[in-house]
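Shown next, in structure tokens, is the structure this report addresses.
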Amino acid sequence: MGTGDASPNETRDETMMPLLPFNEEQGVIGYSIHEFNGASFSGAVFNLSTTIVGAGIMALPASIKMLGIVPGILMIVLVAFLTEASIDMLLRCSHEGEVTSYGRLMGNTFGKWGRIALQASVVINNLGVMIVYMIIIGDVLSGTTTTGVHHRGVFEGWFGSHWWNSRPIVLLATTLFVFAPLVSFRKLDSLKYTSAISVALAVVFVVITAGIAIVRLIQGTAEVPKLFPKIDEISSIWELFTAVPVLVTAYICHYNVHSIDNELEDRTQTKPIVQTSLALCSTVYVATGLFAYLLFGEGTLSDVLANFDSDLRIPFSDVFNDVVRVSYVVHVMLVFPIVFFALRLNFDGLLFPTSGHISLDDRRFTVISASLLAVIYLAANFIPSIWDAFQVTGATAAVLIGFIFPAMIILRDSYGVAIKRDKILAVTMIVLSVFSNSVALYTDAVNIIYRKAEV
């Protein structure tokens, strides 16, 4: 089935390792944010939606600011449709070949190196996401400075500026006393309650932001938004492409779809589950991006949470500011160990592909966990904003996982499921992904160099 030079036995063993470790007693353990014990439609929608909504929501208002309301909303909807199409490609091939994971599908289609490419992409994507999480925590608790303007953190507002609430110290304390204990759990099931709390806190952020924006609209004090981007010269056009990786990252959920599909009694429900989840998340994204942009206008930052240190022009403004920021920071803290679980599993698989499961080796578990936490902590202190982090992961690993790999699988068509329309769409996805994200990477690199030259 398109496995290159590998023998059938070799292929079966190799492709079981990435993303989905194998347990002889329990079978395949999926790479997922939750263990999907139920087969209900609503439960599957909730779990997939939890996978989709993450730190990307914080950068969506900045994307709307850059693109304008009309193109911004259209892009959110377009990426949602392309995401649904790419997931459908994966599922049709998987169902035809009776494949239970994305990793096995890549291995069966492209052999050992296909499996490794996907595994490495998941590592890069999740590492980038967790760096973004830590940057958000630093921005909110210790403050951030953007274009010469300092936005106070929660601790600064409560206690004033001190060495102990500086960004490096706060992030170090968070790493040692929050993340280290949480990532020490060896089963995802141990984190199911913290995950439920994190979802509720994310909803709090969306509801409060929308409520404040609606009140401001009624009062007539909302910012006047631009419907379309302002284009002065050719460089302005290239600048618009930097919003693409943010939108791509916001919809990456492909590595979790097989876990949901495997748990359903009726697998024909998977497609409507995916469509419902994407519709729900797109609604949340449009609401967050639109209402936050209405609140802060052209002053919207790449991490919109940092905007919540100003006068919202409503009663109890300071209270709402703190509730929004603290609730989402706690949400990020609780999601962090779940994403870390997958990072550690896949990173270990790259380093020790023939060893037993990492949870069974105390030394390997501890060393890899501590090393990854150290890398994330250091990166979060040196990367200036979540926008820059999204450019790297969104334009490389995320676009591979979400669009390029599914398109390559359907073009190879090892299972004979592709029709002409599928192949045309697959080629279109690859061309659009490579072009738009290459431009985004180039533009962002130029901007970073330009910023350093100004310092």
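The values are calculated or read from the model by the stated rules, or taken from the named source; none is laboratory data. Source: prediction; values computed, not measured. Note: ideal-geometry Cβ built from the backbone for every residue, glycine included; neighbour counts use all protein chains shown. Surface areas here come from the heavy atoms of the whole protein model, side chains and all, with no ligands, DNA or RNA. Shrake-Rupley method; radii C 1.70, N 1.55, O 1.52, S 1.80 Å.
The figures follow:
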read-out	value
Qualifying helices (runs of 4 or more DSSP H) (wholly inside segment 147-209; at least 1 residues being open to solvent by 80 Å² or more (accessible area, probe 1.4 Å) and modelled with pLDDT under 85)	154-159
Residue that is modelled with pLDDT under 80 and closer than 27 Å to residue 110 by Cα, where the choices are 48, 82, 90	48
Listing of helices (runs of 4 or more DSSP H) fully contained in segment 349-447 that carry 1 or more residues being under 22 Å from residue 84 (Cβ atoms) and open to solvent by less than 10 Å² (accessible area, probe 1.4 Å)	386-393, 405-412
Cβ pairs under 7 Å, 6+ apart, first in segment 351-363 and under 17 Å from residue 117 (Cα atoms), second open to solvent by 60 Å² or more (accessible area, probe 1.4 Å)	353/17
Residue, nearest to residue 315 (Cα to Cα), within segment 221-273, restricted to residues that are polar (S, T, N, Q) and open to solvent by 30 Å² or more (accessible area, probe 1.4 Å)	221
Every pair of residues 6+ apart whose Cβ atoms lie under 7 Å, when the first sits in segment 240-254 and is free of Cβ contacts under 8 Å to residues at least 24 places away in the same chain while the second is part of a helix (DSSP H, G or I) and open to solvent by 10 Å² or more (accessible area, probe 1.4 Å)	none
Any chance residue 297 is among the small types (Gly, Ala, Ser) and over 21 Å from residue 78 (Cα atoms)	yes
Residue that is farthest from residue 64 (Cα to Cα), among those in segment 295-344 that are among the aromatic types (Phe, Trp, Tyr) and open to solvent by 20 Å² or more (accessible area, probe 1.4 Å)	341
Any chance residue 288 is open to solvent by 60 Å² or more (accessible area, probe 1.4 Å), within 17 Å of residue 203 (Cα to Cα) and modelled with pLDDT of 85 or more	no
Hits in segment 279-301 (condition: among the hydrophobic types (A, V, I, L, M, F, W, C) and part of a helix (DSSP H, G or I))	279, 280, 281, 284, 286, 287, 290, 291, 292, 294, 295, 296
Among (1) surrounded by fewer than 18 Cβ atoms within 10 Å (Cβ to Cβ); (2) touching a helix residue (DSSP H, G or I) at 6+ places or on another chain (Cβ under 7 Å); (3) closer than 26 Å to residue 73 by Cα, the one test that residue 283 misses	(2)
